[in-house]
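What follows is a set of notes on a single structure, which appears directly below.
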Amino acid sequence: SMDAALKRHMVGLDVKWSHPTGGMFLWARLPEGIDTMTLLPKAVDAGVAYVPGAAFYADTVDPRTVRLSFVTASEAQIDQGVAALAKVVREALGG
């Protein structure tokens with residue numbers, strides 16, 4: 001599951017995420033200092049895409065949020081994508 005992949009790959013990063021009981025998407029908030037709009041091209045280069053959360057705010061935008069889809073991906077694709085995202089986040093944080 002995406003929840004399990006996030007637990008596995010985001011170890012040591014200040015990442016919070018929703019725990020949906022259905023639906024197609026999971027919301028996550030990446031660490032302080034990450035802007036998901038700026039990070040997106042690097043994520044795509046690493047083989048993973050997401051929807052930056054900024055598009056879903058009416059007023060004050062939280063630049064750290066992302067919407068991750070889990071409905072059309074296999075377990076292996078989810079694990080690979082979350083691993084790639086974690087790597088890009090770590091690199092953006094200078095680690």
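The values are calculated or read from the model by the stated rules, or taken from the named source; none is laboratory data. In this text the structure is predicted, and so the values were computed from the model without any measurement. Don't worry about glycine lacking a Cβ; one is built from the backbone with ideal geometry, like all the others, and counts go over all protein chains shown.
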**Request:** Starting from the stretch 1-12, take each residue that is touching a residue at least 12 places away in the same chain (Cβ under 8 Å) and list its partners that are not in a helix (DSSP H, G or I), counting only C-beta distances under 6 angstrom and pairs at least six apart or across chains.
**Result:** 2/26; 2/70; 6/17
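Taking only the stretch 16-67 into account, find how many residues are of a type in the set (Val, Ile, Thr) and touching a helix residue (DSSP H, G or I) at 6+ places or on another chain (Cβ under 7 Å). Steps first, please.
First pass over the stretch 16-67, keeping only residues of a type in the set (Val, Ile, Thr): 21, 34, 36, 38, 44, 48, 51, 60-61, 65-66.
Now restrict to residues that are touching a helix residue (DSSP H, G or I) at 6+ places or on another chain (Cβ under 7 Å): 34, 36, 48, 61, 65-66.
Number of matching residues: 6.
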**Residue list for the stretch 16-38, restricted to those being touching a strand residue (DSSP E or B) at 6+ places or on another chain (Cβ under 8 Å) and closer than 14 Å to residue 53 by Cα** = 16, 17, 18, 25, 26, 27, 28, 29, 30, 36, 37
**Asked** Could we say that residue 5 is assigned to a helix (DSSP H, G or I), modelled with pLDDT of 90 or more, touching a Phe, Trp or Tyr at 6+ places or on another chain (Cβ under 7 Å) and surrounded by 20 or more Cβ atoms within 10 Å (Cβ to Cβ) here?
**Response** no
**Message:** Can you tell me which of (1) surrounded by 14 or more Cβ atoms within 10 Å (Cβ to Cβ); (2) assigned to a loop (DSSP other than H, G, I, E, B) is the one residue 83 doesn't meet?
**Reply:** (2)
**Request:** Starting from residues that are without any contact (Cβ under 8 Å) to a residue 24 or more places away in the chain and surrounded by fewer than 15 Cβ atoms within 10 Å (Cβ to Cβ), keep the ones in the stretch 59-71 and report whichever is farthest from residue 83 (Cα to Cα).
**Result:** 59
**Complete:** Among residues of the stretch 12-25 being modelled with pLDDT under 90 and of a type in the set (A, V, I, L, M, F, W, C), the residue surrounded by the most Cβ atoms within 10 Å (Cβ to Cβ) is 25
**Prompt:** Within the stretch 28-58, can you find the residues that are aromatic (Phe, Trp, Tyr) and surrounded by fewer than 15 Cβ atoms within 10 Å (Cβ to Cβ)?
**Reply:** 56, 57
